[in-house]
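To start, the structure under review is shown below, and the notes come after it.
The values are calculated or read from the model by the stated rules, or taken from the named source; none is laboratory data. Please read these numbers as outputs of a predicted model, since none were measured by experiment. Here the Cβ positions follow ideal geometry from the backbone for every residue, glycine too, while neighbour counts run over all protein chains shown. Side chains are part of the model used for accessible areas, which takes the heavy atoms of the whole protein and leaves out ligands, DNA and RNA. Shrake-Rupley method; radii C 1.70, N 1.55, O 1.52, S 1.80 Å.
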Amino acid sequence: MSDVTFGGIARQFVNEKLTTPEKMQQALNSSQDSKTPLVSYLVTHKIIAARDIAALMSKNFGDPVFDLNALSPSVIPKDLVDEKIVRQFGILPIFQRGGRLYVGMSDPTRLDAIDAVKFGAKTSVEAVVVEEDKLQKLIESTYGGNEAFGDFNAEDFDLEADQTSLIKEDEDDTSGIDDAPVVRYVNKLLFDAIRMGASDLHFEPYEKSYRVRYRIDGVMREASRSPVQMAGKIAARLKVMSQMDISERRIPQDGRIKLKVSKEKAIDFRVNSLPTLFGEKIVLRILDPSSAMLGIDALGYEPEQKALFMDALDKPQGMLLITGPTGSGKTVSLYTGLNILNTIENNISTAEDPVEINLEGINQVNVNAKVGLTFPVALKSFLRQDPDIIMVGEIRDLETAEIAVKAAQTGHMVMSTLHTNSAPETLTRLRNMGVPSFNIATSVNLVIAQRLARRLCPSCKIPVKIPDEVTEKALLELGFTQADLEQGFTLYKPVGCSECREGYRGRVGIYEVMKVTPEIARIIMEDGNAIAIADASARSGFDNLRRSGLRKVMQGLTSLQEINRVTSGD
């Protein structure tokens, strides 16, 4: 294409053979039309890798590339540069030294950006070469996400009608909890949490600061810090939104927020406040109803595990138990099973503390110990309501366990959860609660233990070369089998790019699915321990959590380091 003409940095990209003239001309036109910086457009659309652009800039300016992974958002002097300038030019102040402000830029040729920072910060500015993908990631973690999410804006958040009236009533409150900056700040944090796929938000007051953290892919990440003087206003705002008593600060409270994110979709937040030394810590759990509609194929079960799960759901009676720590995805697995069973022919009742996701066609009960509506009371009532399927949110005590076992033995399908580390330990936990061994062996059909591991980003994961000194014996000690080694597999490790966080994006389920076979039932009735049950489970061909995790490693879905993290001690 001889008529393709351009200059500046675009010409250098072509001269260095990082892309073709045709692709560069198209990128220039598109970036101008969308008002996107050229480098940002090139990286976002995967025309040129961020590291290649940074290497060229480093070569031109004679400075090494600064690694933003080594920089914590908490030390960034973000108050020196207006957020609008940061977002408009795609730059970030990274540190200040000797009266000079050093600004991270993926394109230091943009003198207009440097001038804008100089004018706003009233100080000398020096550009530092950084990688575009890492830069955008750090801007996001420092300032939060952009204001757009699908077809709505942060300002478009709308509370349900009954909660809207509460907010409007509060607008005349002299306490000032409705201050516009606080309202915008809280709304933005909720919006960013949804956009970034967080599962929880933590609002934490300390002596000298007020910190907000998100839990994303199971890992806590700092989202924001505010002056400690704002703690009371932020807490009051959240309590009003969740219909808590804002005058009560001495005891924990529970509440709920429903936010409409579009005409068709709403997101629920389960809210809990806890008095701490320096104020109320408030935690929000994000409850997305769409997560209950994923379908079993999206959960990550191996084919043989899925067959066992479906077979247990198909039985007219017996218990299906799901176990794992908090945040391991037990609720999603339970609701997935309930959705499969939710037909016109089945009468389904659930007792939950609290009801997390509303499911049409299922009778859901919120247990409330304050008024005497406990799990045992709800279960006894269910048995008089002609049920086919009963779901108990959690078996916590002997009375609940005994009623659930009785229901399973009298022609009902019972689903529930426990907090144990593995499937074999679940059976011994029931016995330790006081449930007779015979009743456990004859009522429990299937036990599922699960964890959630971070999924490797498919855009940036790279193969790991196993060193020659790593022997076959060492790999076998890690849990791989001789058959695995003969078949061959590739290990991958995280890298990190503009599309992920630290090389991971999303999570994948790791499952131990154990059917109660005649051999396992015999061990239970002989009061065998969890080790004996685990050995029998292995002989029956059921993968434990470690083995299931290694399967995901061999499939390239996650890393060995991540499986070591989530299955340590299992």
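Data for the structure
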| read-out | value |
| --- | --- |
| Residues of the stretch 493-515 classified as open to solvent by 60 Å² or more (accessible area, probe 1.4 Å), closer than 17 Å to Ala453 by Cα and touching a strand residue (DSSP E or B) at 6+ places or on another chain (Cβ under 7 Å), total | 4 |
| Long-range neighbours under 6 Å by Cβ, at least six apart or interchain, first residue open to solvent by 10 Å² or more (accessible area, probe 1.4 Å) within the stretch 548-565, second of a type in the set (D, E, K, R) | Leu557/Arg455 |
| Subset tally (residues that are in contact with a strand residue (DSSP E or B) (Cβ under 9 Å, 6 or more places away or on another chain), part of a loop (DSSP other than H, G, I, E, B) and within 15 Å of Leu320 (Cα to Cα)) for the stretch 393-441 | 7 |
| Output for the stretch 333-361, where each listed residue is open to solvent by 40 Å² or more (accessible area, probe 1.4 Å), hydrophobic (A, V, I, L, M, F, W, C) and within 29 Å of the chain's Cα centre (by Cα) | Ile340 |
| Residues being open to solvent by 10 Å² or more (accessible area, probe 1.4 Å) and within 12 Å of Thr350 (Cβ to Cβ) - total across the stretch 390-416 | 2 |
| Test for Ile462: is it of a type in the set (A, V, I, L, M), open to solvent by 40 Å² or more (accessible area, probe 1.4 Å) and within 30 Å of Cys500 (Cα to Cα) | yes |
| Flag for Gln364 being farther than 30 Å from Gly549 by Cα, open to solvent by 20 Å² or more (accessible area, probe 1.4 Å) and touching a residue at least 24 places away in the same chain (Cβ under 8 Å) | no |
| Filter result for Gly479 (in contact (Cβ under 8 Å) with a residue 12 or more places away in the chain, on the phi < 0 side of the Ramachandran plot, under 30 Å from the mean Cα position of the chain (by Cα) and open to solvent by less than 40 Å² (accessible area, probe 1.4 Å)) | no |
| When residues of the stretch 311-325 are limited to those that are open to solvent by less than 40 Å² (accessible area, probe 1.4 Å) and in a helix (DSSP H, G or I), the one nearest to Ile440 (Cα to Cα) | Ala312 |
| All positions within the stretch 455-472 that are farther than 18 Å from Asn564 by Cβ and modelled with pLDDT of 80 or more | Cys457, Pro458, Ser459, Cys460, Ile462, Pro463, Lys465 |
| Criterion violated by Ser290 - all others in (1) modelled with pLDDT of 85 or more; (2) among the polar types (S, T, N, Q); (3) in a helix (DSSP H, G or I) satisfied | (1) |
| Test: residue in the stretch 218-231 that is open to solvent by less than 80 Å² (accessible area, probe 1.4 Å), among the hydroxyl-bearing types (Ser, Thr, Tyr) and closer than 30 Å to Leu71 by Cβ | yes |
| Pairs with Cβ under 6 Å, 6+ apart, first in the stretch 443-463 and touching a residue at least 24 places away in the same chain (Cβ under 8 Å) and among the basic types (Lys, Arg), second in a loop (DSSP other than H, G, I, E, B) and open to solvent by 40 Å² or more (accessible area, probe 1.4 Å) | Arg455/Leu557 |
| Any chance Lys552 is over 16 Å from Leu452 (Cα atoms) and not in a loop (DSSP other than H, G, I, E, B) | no |
| Long-range neighbours under 9 Å by Cβ, at least six apart or interchain, first residue within 13 Å of Leu190 (Cα to Cα) within the stretch 231-243, second hydroxyl-bearing (Ser, Thr, Tyr) and in a helix (DSSP H, G or I) | Ile234/Tyr185; Arg237/Tyr185 |
| Selected residue (criterion: most open to solvent (accessible area, probe 1.4 Å)) from residues of the stretch 516-532 that are among the aliphatic types (A, V, I, L, M) and more than 16 Å from Leu308 (Cβ to Cβ) | Ile531 |
| Qualifying residue in the stretch 293-310 (condition: at pLDDT below 90, surrounded by fewer than 21 Cβ atoms within 10 Å (Cβ to Cβ) and more than 26 Å from Leu550 (Cβ to Cβ)) | yes |
| Candidate set from the stretch 407-425 (those that are over 19 Å from Glu352 (Cα atoms) and of a type outside the set (A, V, I, L, M)); member that is nearest to the chain's Cα centre (by Cα) | Asn421 |
| Which listed residue is within 27 Å of Arg396 (Cβ to Cβ), in a loop (DSSP other than H, G, I, E, B) and small (Gly, Ala, Ser), from Ser273, Ser328 | Ser328 |
| Subset of the stretch 103-131 (residues that are over 16 Å from Met57 (Cα atoms), touching a residue at least 40 places away in the same chain (Cβ under 8 Å) and of a type in the set (Asp, Glu)) | none |
| Filter result for the condition that a residue is of a type in the set (A, V, I, L, M, F, W, C) and within 26 Å of Arg454 (Cα to Cα), over Ile246, Ile267, Ile251 | Ile267 |
| Enumerated helices (runs of 4 or more DSSP H) restricted to the stretch 31-134, each holding at least 1 residues that are among the hydrophobic types (A, V, I, L, M, F, W, C), over 30 Å from the mean Cα position of the chain (by Cα) and exposed (fewer than 13 other Cβ atoms within 10 Å of the Cβ) | 111-121 |
